[in-house]
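Reading through the structure tokens given below for one structure.
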Amino acid sequence: MNTILEPTSPKAEAQNTSQNIRREMGADRICVLTFDRANSSANLFDEQTLHELDRHLDWIAAPPGPAGVILYSAKPSIFIAGADLHALMDAAKRGGLRPVIELGQRVFSRLASLPIPTVAAIHGACAGGGYEVSLACDYRVASPDEATRIGLPETQLGILPGWGGCSRLPRLIGLPAALKVILKGSLFSPRQALKYGMIDALAPRERLLDLAKRKIAGGKPHRPSRRLTNNRAVARAIATGLRPLLSRKTRGHYPAQTMALETVSQGVSLPLDGALALEREAILKLAGSEVCRNLVGLFFLQERARKSGVSDSPGRVLSDAAVIGAGVMGSAITQWLTSRGMPVLLRDIDAERVGHGMANIARLYEAGTRRHKFTSLQARNGLDRVSPIIEEAPLRRADLVIEAAVEKMAVKKEIFARLEAVCDPRAILATNTSALSISEIASGLADPGRVIGLHFFNPVHRMKLVEVVAGERTDPAVIQTAVRFVRQVGKLPVIVRDSPGFLVNRILIPYLVEAGNLFESGARVKDVDEAMLDFGMPMGPLRLLDEVGLDVATDVAETLSSKFSRIRVPAALEKMRDAGFLGRKNGLGFYDYKTRVNIGNARLSPFRKNALARDLSREELQKRMVFLMINEAVRCLEEKVVAAPEDVDFGMVMGSGFAPFRGGPLRYADSVGAVQLVAGMDALGVAGDPKFLPCELLRTMAGRGSKFYENES
Ligand code: NAD
């Protein structure tokens, strides 16, 4: 590794034999520990790596010892991505987690107590244990690179930072900022991390080691005391203020957040050893809980979607796109693709609509810049990659066209017929339809093999999932290329069979329709939405209808209703749409977005039919809506809309925000039990509402006492 430090004297230390961390020391007597996990693109902490680091610390601590230590990584886009979660979960399952947590704390504390200056030189992902080892250093310097992301995401996985993060971060940046970082569990851009004080300085990757050496030359740091915020009285006041906010946000479903608040705020006024003991006991309590297992399981499913799921053949790279339709979705997809470096031709039927689309794209870039997702220059470059057009121009350069026009089969068929005439014959023709048949859209084309569904979710910049929908005649190579494209633009693909509503809308629509039914039958808007917020959904169903738009939602619901007689779109939704209650897009729906207050019963009462559901408890409302989602999720598996229960759960959490701590509808079904579900559904179904009757697969499973995830305890 000449690029790091060249041993310059014959006495310079020879390469050591460790597998994951290389040690080198040059004439300046600065020791560089380079993390480079064998046979892996990522650096992770497992027991072996912790022991290796410990042995390096033996060498460093022995006289004469180096003048300073730098932690560095040889990987192109990862510093240290955190703990090896597979190993951690295995240890938790075996009841052997305590020694691993103790080992990490002991080794990092040894690093922290070295008498010489230490620096973490961070380029690439620096998350969880990776940032905790950096916190045990005297300084942290980082590259301002896109790949560099820094933070403590443990609470997102149902645990908390247990290798010193809960104790050292508040001592470095003060309790209020540390709580923000730990409770949110986000990874920050280098500039944000600098602003919070999580790192000390930035330098381009090539100059990171020079900067680290300059820090070492300056000796140990003198940090400001944090006595003003990190004392017992202030910590208690901060915790008292945050507790109700947190419980409103988590509704008691995410114990890691609550425990992190208590651990961090109590730990700041204890001696460091006492604080470390607190965080150790807290993580041991959390790890291995059902919530933690579900959240970590979802993390693994995301990793799987990033890497595998289709055969190893990579598919061709798409580099030029056209988007047809500059509405809510077309403009948002255009913004996303251009932010990822793709030039996009954006077309709509007239200048006004294209103008609206461009304004929306500019708004999304502005919001992203405010949230530090892009610099102003990146936003300007992104916007420059959009070419708006209104006439039907030849689209010969595009190797991918995404149609996002209105949800009407006739319109889509006409657009595809024209696309075939004006596009390069090798271009992939994709549709963002929510529920229409891909095979039917493709049916009039000379080459239906090039047509595929690429179903992005709203809001595009936040929802990671894209359903890749293969029609009956879609060419397998087109599927490969589409999957590759989805990953290339930073989204997560799930391959779905071409059937009405695909996966997510198929499950979501019966639920939204039921919310509409309950509203029509007198249930209060607030009760319907609160019932599902209590269940753990990120947004109530009636508010979601407003977000999607009542016009779009009723179109999709009608498509599904024409295929499945059990789904009957309530007249209330159509009446609201016809009366101009379209939802957020025009400021009025179940909620009033102009005054930001609930609309109140009087204005909505013309859309109601009766008062049968008015007195249902929130539990009753919740049960009805949840049963319909579970039943439909099981049907998707029964009909092989996707290949496995994991796909159903992954799709629903990533595509609809289905209560992540429950792990997805099928994991939730396992936790309740098929017998109980069937009994509950039968009770409603037999009482007169057959749409609740459980599907065959669920009945069979109840009969056999089986589960969707059989091999797990
Ligand atoms: P929208 O009404 O906001 O936009 C549709 C746009 O298509 C309009 O600007 C319209 O002028 C344009 N258009 C109509 N005919 C056209 C043509 N022949 N050529 C070019 N442009 C044409 O609708 P939207 O919400 O963006 O939905 C677009 C598609 O995406 C639909 O198929 C919808 O089902 C799907 N979708 C919507 C959502 C959502 O939440 N809104 C989510 C996922 C998928």
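For the reader, a short list of remarks on this structure follows.
- Breaking point among (1) farther than 20 Å from Ile199 by Cα; (2) surrounded by fewer than 16 Cβ atoms within 10 Å (Cβ to Cβ), for Ile60: (2)
- Test result for Ala405, within 14 Å of the ligand (Cβ to nearest atom), aliphatic (A, V, I, L, M), surrounded by fewer than 20 Cβ atoms within 10 Å (Cβ to Cβ) and assigned to a loop (DSSP other than H, G, I, E, B): no
- Cβ-Cβ under 6 Å pairs, at least 6 apart or on other chains, region 613-639 side closer than 15 Å to Phe658 by Cα, far side of a type in the set (Val, Ile, Thr): Met629/Ile507; Glu632/Ile507; Ala633/Ile507; Ala633/Val648
- Among the residues of region 700-711, those identified as over 10 Å from Val675 (Cβ atoms), out of contact with any Lys or Arg (no Cβ under 7 Å at 6 or more places or on another chain) and surrounded by 11 or more Cβ atoms within 10 Å (Cβ to Cβ) are Thr700, Ser706, Lys707, Phe708.
- Selected residue (criterion: nearest to the ligand (Cβ to nearest atom)) from residues of region 418-438 that are loosely packed, with under 14 Cβ neighbours inside 10 Å and in a helix (DSSP H, G or I): Arg418
For (1) within 24 Å of Lys640 (Cα to Cα); (2) outside any helix (DSSP H, G or I), each residue gets a yes or a no:
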residue: Leu677; (1), (2): yes, no
residue: Ala683; (1), (2): no, no
residue: Gly688; (1), (2): no, yes
residue: Lys691; (1), (2): yes, no
residue: Pro694; (1), (2): yes, yes
residue: Leu697; (1), (2): yes, no
residue: Met701; (1), (2): yes, no
residue: Ser706; (1), (2): yes, yes
residue: Tyr709; (1), (2): yes, yes
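- Counted residues, region 334-347 - those being aliphatic (A, V, I, L, M) and within 9 Å of the ligand (Cβ to nearest atom): 0
- Scanning region 138-180 for residues that are within 17 Å of His222 (Cα to Cα) and open to solvent by 10 Å² or more (accessible area, probe 1.4 Å) yields Asp138, Tyr139, Arg168, Arg171, Leu172, Ile173.
- Matching residues, region 186-218, being over 23 Å from Leu160 (Cβ atoms), open to solvent by 20 Å² or more (accessible area, probe 1.4 Å) and part of a loop (DSSP other than H, G, I, E, B): Asp200, Pro204, Gly218
- Any helices (runs of 4 or more DSSP H) falling wholly within region 534-647 and containing at least 1 residues that are open to solvent by 30 Å² or more (accessible area, probe 1.4 Å), away from the ligand (no atom under 16 Å from the Cβ) and closer than 29 Å to Leu246 by Cβ: 618-638
- Annotation: Phe45 fulfils all but one of (1) of a type outside the set (A, V, I, L, M); (2) open to solvent by less than 30 Å² (accessible area, probe 1.4 Å); (3) at positive phi; the unmet one is (3).
- The residue of region 332-367 that is nearest to Phe456 (Cα to Cα), among those that are among the β-branched types (Val, Ile, Thr) and assigned to a helix (DSSP H, G or I), is Ile333.
- The residues on offer are Ile452, Ile415, Ile441, and the sole one that is within 16 Å of the ligand (Cβ to nearest atom) and part of a strand (DSSP E or B) is Ile452.
- Per-region count, region 385-402, residues more than 14 Å from the ligand (Cβ to nearest atom) and among the β-branched types (Val, Ile, Thr): 1
- Pair list, Cβ < 7 Å and 6+ apart or interchain, from region 352-368 residues that are in contact (Cβ under 8 Å) with a residue 24 or more places away in the chain to residues that are among the hydroxyl-bearing types (Ser, Thr, Tyr): Gly357/Ser331; Asn360/Ser331; Ile361/Ser331; Ile361/Thr334
- Within region 509-526, considering residues that are over 27 Å from the mean Cα position of the chain (by Cα) and hydrophobic (A, V, I, L, M, F, W, C), the one nearest to Arg566 (Cα to Cα): Leu518
- Tally of residues being farther than 22 Å from Leu518 by Cβ and either loosely packed, with under 14 Cβ neighbours inside 10 Å or over 33 Å from the mean Cα position of the chain (by Cα) (or both) across region 685-698: 1
- Failed condition for Thr334, given (1) in contact with a strand residue (DSSP E or B) (Cβ under 7 Å, 6 or more places away or on another chain); (2) open to solvent by 40 Å² or more (accessible area, probe 1.4 Å); (3) not small (Gly, Ala, Ser): (2)
Yes or no, residue by residue, for (1) more than 23 Å from Pro144 (Cβ to Cβ); (2) within 13 Å of the ligand (Cβ to nearest atom):
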position: Ile349; (1), (2): yes, yes
position: Arg353; (1), (2): yes, yes
position: Gly357; (1), (2): yes, yes
position: Ala362; (1), (2): yes, no
position: Tyr365; (1), (2): no, no
position: Thr375; (1), (2): no, no
position: Arg380; (1), (2): no, no
position: Leu383; (1), (2): no, no
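- Those helices (runs of 4 or more DSSP H) of region 233-325 in which 1 or more residues are open to solvent by 50 Å² or more (accessible area, probe 1.4 Å), out of contact with any helix residue (DSSP H, G or I) (no Cβ under 6 Å at 6 or more places or on another chain) and acidic (Asp, Glu) occupy 272-286, 290-307.
- For region 111-136, a residue qualifies if it is open to solvent by 10 Å² or more (accessible area, probe 1.4 Å) and more than 25 Å from the chain's Cα centre (by Cα), and the qualifying residues are Ala112, Ser113, Leu114, Pro115, Ile116, Pro117, Leu135.
- Pair list, Cβ under 6 Å, 6 or more apart: region 405-431 residue farther than 17 Å from Pro500 by Cα, other residue away from the ligand (no atom under 14 Å from the Cβ) and assigned to a helix (DSSP H, G or I): Ile428/Arg450; Ile428/Val478; Leu429/Arg450
- Elements of type helices (runs of 4 or more DSSP H) in region 66-151, at least 2 residues being touching a helix residue (DSSP H, G or I) at 6+ places or on another chain (Cβ under 8 Å) and at pLDDT 95 or above: 97-112, 129-135
- Residue check for Leu544: over 14 Å from Ser434 (Cβ atoms), in contact with a helix residue (DSSP H, G or I) (Cβ under 7 Å, 6 or more places away or on another chain) and among the aliphatic types (A, V, I, L, M): no
- Selection of region 387-400 for residues being hydrophobic (A, V, I, L, M, F, W, C) and within 13 Å of Asp348 (Cα to Cα) yields Ile389, Ile390, Ala393.
The values are calculated or read from the model by the stated rules, or taken from the named source; none is laboratory data. Nothing here was measured: the structure is a model prediction, and the numbers come from that model. Using ideal geometry, Cβ is built from the backbone for each residue, glycine included, and neighbour counts are taken over all protein chains shown. Ligands, DNA and RNA are excluded from the accessible area calculation, which covers all protein heavy atoms including side chains. Shrake-Rupley method; radii C 1.70, N 1.55, O 1.52, S 1.80 Å.
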